[in-house]
Amino acid sequence: MGDKREISRRTFLNYALMGTGGFLAAGMITPMLRFAVDPLLQGHTGGDMVAVGSPDDFGPDPKRVEFKVHTKDGWYESETTLSAWIRKLEDGTILALSPICKHLGCTVDWNTSPDFPNEYFCPCHMGRYAINGEHILGTPPTASLDEYETEIKDGKLYLGAVKANPRAGVSG
Ligand code: FES
């Protein structure tokens with residue numbers, strides 16, 4: 001009788017400990033799972049299109065615009081200022097280039113080097129790009145400047161996600 005009582009007490013304690021441990025583990029793991037899975041469920045809002053003006057604001061010469069994007073990554077929200085070099089192509093479509101150099105990520109500027117007029121120039125390592133973002137062969141970048149997705153809606157130009165520029169390099 002005494003043995004039975006001791007075993008059942010031990011068993012009870014084991015169950016109680018397992019229950020408490022399981023409860024505590026669930027309490028710790030659930031937030032971790034939510035942290036990991038929430039962003040996947042919520043999706044990223046950074047890919048939203050942002051209005052940057054009227055298409056008529058842009059002509060054949062690249063014009064720099066700055067715009068803010070609101071990014072929500074799970075619980076973390078932030079506002080980032082981005083910029084684009086925008087021009088209207090001969091066929092009337094809009095090309096919006098990212099100013100981030102494809103060599104090591106410095107910022108390029110349009111028409112700032114007296115030695116290389118009418119080009120995008122990266123001051124970090126003398127990277128050069130032609131007017132539609134084509135990298136100039138023989139300079140450090142090995143890819144053309146990325147471009148933003150564009151959309152014209154209700155008389156406004158919207159920029160979206162950055163995508164690779166399909167234009168090949170050109171000789172300078
Ligand atoms: S970062 Fe632009 S040329 Fe190196």
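Values in this text are rule-based calculations from the coordinates and carry no lab data. Only a predicted model underlies this, so the values are computations on that prediction, with no experimental measurement involved. Quick reminder, even Gly has a Cβ in these numbers, built from the backbone with ideal geometry, and neighbours come from all protein chains shown.
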- Between the range 86-130 and the range 137-162, the alpha-carbon center distance in angstrom: 11 Å
- Of the convex hull drawn through the C-alpha atoms of the range 74-118, the volume per residue in Å³ is 141 Å³
- What does the charge add up to near C124, with Lys and Arg as +1, Asp and Glu as -1, over the other residues with Cβ less than 13 Å from its Cβ? +1
- Message: To make sure I understand the rule: partners must be aspartates and glutamates, Cα under 17 Å from the Cα of K153, and not fewer than 8 residues away in the same chain. Which ones qualify?
- Response: D48, D56, D57
- Message: Please compute the length gained on full extension between D73 and T20, using 0.36 nm multiplied by the number of residues separating them and subtracting their Cα-Cα distance.
- Response: 15.7 nm
- Note on the structure: Given backbone amide H placed at 1.01 Å from N, residues whose amide H is under 5 Å from that of L157, ignoring those fewer than 5 places away on the same chain, are V52, G53, S54
- Among the range 130-172, those whose backbone N falls under 14 Å of a label point 7 Å along Cα→Cβ from D56 are 154-157
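P(r) tail for the range 102-172, what percent of Cα pairs lie past 20 Å?
The calculated P(r) of the range 102-172 puts 32 percent of pairs beyond 20 Å.
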- Quick one: divide the alpha-carbon radius of gyration of the range 50-171 by 2.2 N^0.38 Å and tell me what you get. 1.08
- Over the range 50-171, what is the percentage of antiparallel beta bridges among all DSSP beta bridges, to the nearest 5? 95 percent
- Which of S171, S83 comes first, and how do the rest follow, when ranked by fewest Cβ neighbours within 10 Å? S171, S83
